[in-house]
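The values are calculated or read from the model by the stated rules, or taken from the named source; none is laboratory data. All of these numbers come straight from a predicted model, not from anything done at the bench. Glycine gets a Cβ as well: all are built from the backbone with ideal geometry, and neighbour counts include every protein chain shown. When the accessible area is computed, the model is the full protein with side chains, heavy atoms only, and any ligands, DNA or RNA have been set aside. Shrake-Rupley method; radii C 1.70, N 1.55, O 1.52, S 1.80 Å.
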Amino acid sequence: MTRILKLILLLLLMAVSANAQHLHIDARTIDAKTGERLPFASVYISGQKSTISNAEGEFVIDADSADVLRISYVGYKTVHLRAVDIGQEVLLSSEGEMLGEVVVLGTDFIIKKALARHQKEAKKYGKKKSNFFYRQVSKNNRQCTAFLESFFSAKSAYELSDLQLVTGRYVSVASRRTMNPTNYFTFAQVALYSEPVRLIGATQLVPLREDYSRHFETDVEVISDGERRIYVVYFVPRNPNYWAVTARLYIDANTFQVLRYQGFGNNDRVWHREHGSEEGKLTERTIEPADYSFVINYQHDNGFTEVQSVHFLVTYEHDGNRYETTGMMFNVANRFVKGKTAMSFSDNLMSEISKGKKSKNKHYNQKFWEQLEIVKRTPLESEVVELFERDNLFGVF
């Protein structure tokens, strides 16, 4: 009888497996009210299956027909959809209208509670590490001049630190009048907290600090995503001449954990180098003022506030040309890690990757990168990759 029961169970499992379908979902996240695409929405199945929508609101993910996807965007109602029910568009309803509530607790109380939460979590989880996928695209007057993808290991509580390079690929098309930026990678490491140290030239003012009221004008509003109340706290530098961020924090009204950090930089700069007539020779190194904006989303699945994704945009002008770089990082947890290489602090990530380029054990594996499209590429990014792979231009670590 036992053998018969085991046989029946085995046949049932085989039948379920046969009915399960493997799906490749290719969709986009859309504001149900305005029809606008929503970039950097979280798409989650499990710790091994998750992604975010790209700058165009598009995402891809592999799933089984029995899977249920959780799709969320701060300020919008989270939806749970069966994989088989997802079409080309996922509509998210905004419940993020300002509630118009009088915040009885006061802005100072909310900020100090968020600060205390940060300090407590940082002390307990500050050494926790995760792995991140990074992509960067640079353009000169809309023409792509550099493309880079990498995997990193990093401490991930609230902000990224102690990065270690796992693997990477890059391409840079340099000409006599092409700027070679040296510090774009720094913009992905956005700080949220700092000690109240004496202001010097290298100190950037960020929101969470004990003496925030000395440096920032603040205000707060309340929104709802249909499931929870969220404080939106605004930070505006009192002195526009400081190197600082103008930002807003989305804070869970119940736990005081930070959900999102977004804003733009005041008085940011980029270093760039200009190539001379001889190939590879650098003849000029200057500093340019830059416009810089960022969005950081956080996750709390592991019991603390952890960086889920970072997106930044840097633009500047020089000699009549417009230069633009976009970058994004996404938390891939314990996926895709094979060894680690300690990084000295370097603004020039291409230099870090190329250090291992000539190693006998390092070669460019196109299939590896095709299979690991962690975050869907935009049309421009896909076109660039196809072009550079066709011409065999990628360097690799």
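Taking R0 as 30 Å, what's the FRET efficiency between Q48 and D162 from their Cβ-Cβ distance, rounded to 0.05? Please list the in-between numbers first.
On the way: r = 24 Å, r/R0 = 0.81.
So, using R0 = 30 Å, E works out to roughly 0.80.
Keeping every protein chain in place, order E386, E149, E56, E370 by accessible area at 1.4 Å, biggest value first, i.e. largest first. Don't skip to the end; give the middle numbers.
Details: E386 130, E149 5, E56 80, E370 105 Å².
Final ranking, largest accessible area leading: E386, E370, E56, E149.
With a point put 7 Å past each Cα toward its Cβ, work out how far S213 is from N239 in nm, to one decimal.
With each label point 7 Å from Cα toward Cβ, the separation is 1.9 nm.
Once phi is turned into θ = phi - 60°, what whole-Hz ³J(HN,Hα) does the Karplus curve with 6.51, -1.76 and 1.60 give for every residue of the stretch 149-158, x standing for Gly and Pro?
Values, residue by residue: 9, 8, 10, 10, 10, 7, 5, 10, 6, 6 Hz.
If each residue of separation counts as 0.36 nm, what is the full-extension length gain between N267 and V84 once their alpha-carbon separation is subtracted? Walk me through the numbers on the way to the answer.
Numbers: separation 183, 0.36 × 183 = 65.88 nm, distance 4.84 nm.
Extending this stretch completely gives an extra 61.0 nm.
What FRET efficiency would be calculated for the residue pair D291, Q119, taking the C-beta separation as r and a Förster radius of 45 Å, to the nearest 0.05?
Numbers: r = 32 Å, r/R0 = 0.71.
According to the calculation, E is roughly 0.90.
So for each of 228-241, 296-309 I average, over its residues, the number of other beta carbons within 10 Å; can you give me the resulting order with the highest mean first? Please report the intermediate quantities before stating the final value.
Working: 228-241: 16.4, 296-309: 20.3.
Ranking the peptides 228-241, 296-309 by packing returns 296-309, 228-241.
Tell me, in nm to one decimal, what length is gained between N254 and Q189 on full extension, where the rule is 0.36 nm per residue of separation less the Cα-Cα distance? Don't skip to the end; give the middle numbers.
Values: separation 65, 0.36 × 65 = 23.40 nm, distance 2.76 nm.
Residue separation times 0.36 nm, minus the Cα-Cα distance, leaves 20.6 nm.
Once the Cβ-Cβ distance between T34 and R142 is put in as r, and R0 is 30 Å, what FRET efficiency do you end up with, to the nearest 0.05?
Working: r = 27 Å, r/R0 = 0.88.
It comes out at approximately 0.70.
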